[in-house]
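The values are calculated or read from the model by the stated rules, or taken from the named source; none is laboratory data. What you are looking at is a predicted structure, and each value in this text was computed from that prediction instead of being measured. All Cβ positions, glycine included, derive from the backbone under ideal geometry; neighbour counts span all protein chains shown.
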Amino acid sequence: MALINVQLSPDSDITQMDESLLEKREYTAEETDVFRRDMTEYWLDGRLVHSSADIKIKKAPFVIGAEHGALK
Amino acid sequence: MANTQGIGYQWKLECLTSAGGNLNSTSLKAAVYLASATTGPSNASYTSTGEASGTNYTAGGVAVTGGTAALDGSVAHYTPGASITFTNVTFSSAVDAIMIYDDTHASDRNVGVFTFGSTTITAGNLTLTMPTDNGTTGLIRLN
């Protein structure tokens, strides 16, 4: 029995529920050449009660470069 | 034989490791920002403006596990030593960025802002897994 952290309404405390009572959805929400965002959600009666994100950064999104610079 | 222009490799490394911004010895933190915020590289320092709020999230964010700045050929690079995780949080609104900043010096200098797309977190974890730390993929690179 796995317990999942859930929030049943926006103003309620975070509690735990047995995973077997929830609908699990896993998907890749977005993937670029810089990152991939994988989501794990649990739903109860059509309500989102748990949402986690695993963002895998593939490489630096920017580089401080001087390769093409020249002294002027 | 011709001369070759370019920034000195060792100087690039020392940009990452010199006093005032030594990534090898500075404590870093990561703060989360709302998707509606306008945080970016123009922010000189950590700011609470636009920062996420919600259950189990503390303003200022979490500590970042340090890495080691190094040279890979001509490229100086630095990547935190472990994933950055916000555990069992609910953010009040969607988030899409973190700022990594210097928590050692009073300046709270902004090291970098990294975006990842609008994301809703409810009673869950927000985990950012770092790239391989080298001159090709490292999180901070001076090319």
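Points to keep in mind about this one:
- Where B:Asp133 falls short, out of the listed (1) closer than 23 Å to A:Met39 by Cβ; (2) modelled with pLDDT of 95 or more; (3) of a type outside the set (Val, Ile, Thr): (1)
- Residue list for segment B:114-142, restricted to those being of a type in the set (Gly, Ala, Ser) and either over 15 Å from A:Lys58 (Cβ atoms) or part of a loop (DSSP other than H, G, I, E, B) (or both): B:Ser118, B:Ala123, B:Gly124, B:Gly135, B:Gly138
- Among the residues listed as B:Thr122, B:Thr90, the single one being in contact with a Gly (Cβ under 6 Å, 6 or more places away or on another chain) and within 17 Å of B:Tyr57 (Cβ to Cβ): B:Thr90
- Figure legend. Inter-residue proximity from segment B:126-143: first residues more than 7 Å from chain A (Cβ to nearest Cβ), second residues of a type in the set (Ser, Thr, Tyr), beta-carbon distance below 6 Å, spacing 6+ or different chains. Indicated pairs: B:Asp133/B:Thr79.
- Of the residues A:Ser52, A:Ser12, the single one that is in a loop (DSSP other than H, G, I, E, B) and either more than 8 Å from chain B (Cβ to nearest Cβ) or out of contact with any Phe, Trp or Tyr (no Cβ under 7 Å at 6 or more places or on another chain) (or both) is A:Ser12.
- In segment A:20-46, the residue that is nearest to B:Gly117 (Cα to Cα) out of those that are surrounded by 14 or more Cβ atoms within 10 Å (Cβ to Cβ) and of a type in the set (Val, Ile, Thr) is A:Val34.
- Pair list, Cβ < 8 Å and 6+ apart or interchain, from segment A:50-62 residues that are modelled with pLDDT of 95 or more to residues that are buried (at least 17 other Cβ atoms within 10 Å of the Cβ) and of a type in the set (Gly, Ala, Ser): A:His50/B:Ala123; A:His50/B:Gly124; A:Ser51/B:Ala123; A:Ser51/B:Gly124; A:Ser52/B:Gly124; A:Ala53/B:Gly124
- Reported count of residues in segment B:62-113, each being under 13 Å from the mean Cα position of the chain (by Cα), in a strand (DSSP E or B) and hydrophobic (A, V, I, L, M, F, W, C), is 10.
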